[in-house]
1. Checking ILE63 against (1) closer than 19 Å to ASP97 by Cβ; (2) open to solvent by 30 Å² or more (accessible area, probe 1.4 Å): exactly one of these is not met. Which one?
2. Report every pair of residues separated by at least 6 positions or lying on different chains whose Cβ atoms are under 9 Å apart, first residue within the stretch 25-52 and without any contact (Cβ under 8 Å) to a residue 12 or more places away in the chain, second not in a loop (DSSP other than H, G, I, E, B).
Amino acid sequence: MAAFAQPSDITIGGRPLTSAQEADAQMFLDAAASWIRDRKPDIAPDDPNAKLVSIQVVKAALISEPYLGLSSYSKTVGEVSRSGTIANPGALLHFTDFHKELLGIPYRAAPQWSFKVGDY
């Protein structure tokens, strides 16, 4: 199925994406749509919240691309030195609890069923 947004919907700093960023954005948007549909299969193809969430997570991924997967990053100016601490190298797209709430996806553990009093 198609993504909820197009690369042309995304700007960084008020400027359109470069052609390389557009290619990355399309892959990220497809991945975001897949993630959303895996968790909410009955979502409408034109859901405005899904479009907003897709744009936000992809934009964040594009902006922070040089630092993806790092929990901290430092750069020394005098003698060229760069270092980073890897937190989760596989985390390209980050969906926050707010994004999950917008989509109606449960983000807190909750019981799936309950037992009547004395019925255990």
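1. With (1) closer than 19 Å to ASP97 by Cβ; (2) open to solvent by 30 Å² or more (accessible area, probe 1.4 Å) applied to ILE63, the lone miss is (1).
2. Pairs found: ALA44/ALA50.
The values are calculated or read from the model by the stated rules, or taken from the named source; none is laboratory data. Keep in mind the model is a prediction, meaning the values are calculated, not measured. Neighbour counts run over all protein chains shown; Cβ positions are idealised from the backbone, glycine included. Protein only, heavy atoms only, side chains kept; ligands, DNA and RNA dropped before computing areas. Shrake-Rupley method; radii C 1.70, N 1.55, O 1.52, S 1.80 Å.
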